[in-house]
Amino acid sequence: NKKNFVIALILSFILGIYGGFFSVGVTTFLLFLFVLLLGRDLVQGIADSVFITSIMLIAAFIVFIDKNNIDYTLAIPLATTSIIGSYIGAHTALTFGDRWLKILLTIVVVILIIKLFLDI
């Protein structure tokens, strides 16, 4: 509905600012926004959030290039392996579908929660 869309726009703007600083977890936050607020299924939410994150990171990338802050000797090999992993992950997500992704996401979140409690 229109109210949820306006809330999503505001949250997306805030996540854009956060992503420009850190970029850590932005795709996950956007995924929750798409699934919980906008009613997309998990595969659609992942696709939408990855698209937005990619555009947002291009903007940050341009700023970091302009300021000469990138160590290309580290960034290029890591980017290459990340691209390969992302390609495999996206194909796997599309192959196994929404149900499998929900189970995997739940397992990962539970493991992270347990780790956080153990670190306290």
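Given the condition at pLDDT below 90, exposed (fewer than 15 other Cβ atoms within 10 Å of the Cβ) and of a type in the set (Phe, Trp, Tyr), answer yes or no: does some residue in segment 83-104 qualify? Looking for residues that are at pLDDT below 90, exposed (fewer than 15 other Cβ atoms within 10 Å of the Cβ) and of a type in the set (Phe, Trp, Tyr), one finds at least one in segment 83-104, hence yes.
Of the helices (runs of 4 or more DSSP H) lying entirely inside segment 1-75, those containing at least 2 residues that are farther than 23 Å from residue 91 by Cα and open to solvent by less than 80 Å² (accessible area, probe 1.4 Å) are 2-21, 42-66. Cβ separations smaller than 9 Å between residues 6+ apart or across chains give the following pairs from segment 35-60 residues that are at positive phi to residues that are in a helix (DSSP H, G or I): 39/4.
Sub-8 Å Cβ pairs linking a first residue in segment 102-120 that is assigned to a helix (DSSP H, G or I) to a second residue that is open to solvent by less than 90 Å² (accessible area, probe 1.4 Å), at least 6 apart or interchain, are 102/42; 105/42, ordered by first then second residue.
The values are calculated or read from the model by the stated rules, or taken from the named source; none is laboratory data. Note that the coordinates shown come from a computational prediction; the quantities given were computed from them, not determined experimentally. So basically every Cβ, Gly included, is an ideal-geometry build from the backbone, and we count neighbours across all protein chains shown. Heads up: the accessible areas ignore ligands, DNA and RNA and are worked out on the full protein's heavy atoms, side chains in. Shrake-Rupley method; radii C 1.70, N 1.55, O 1.52, S 1.80 Å.
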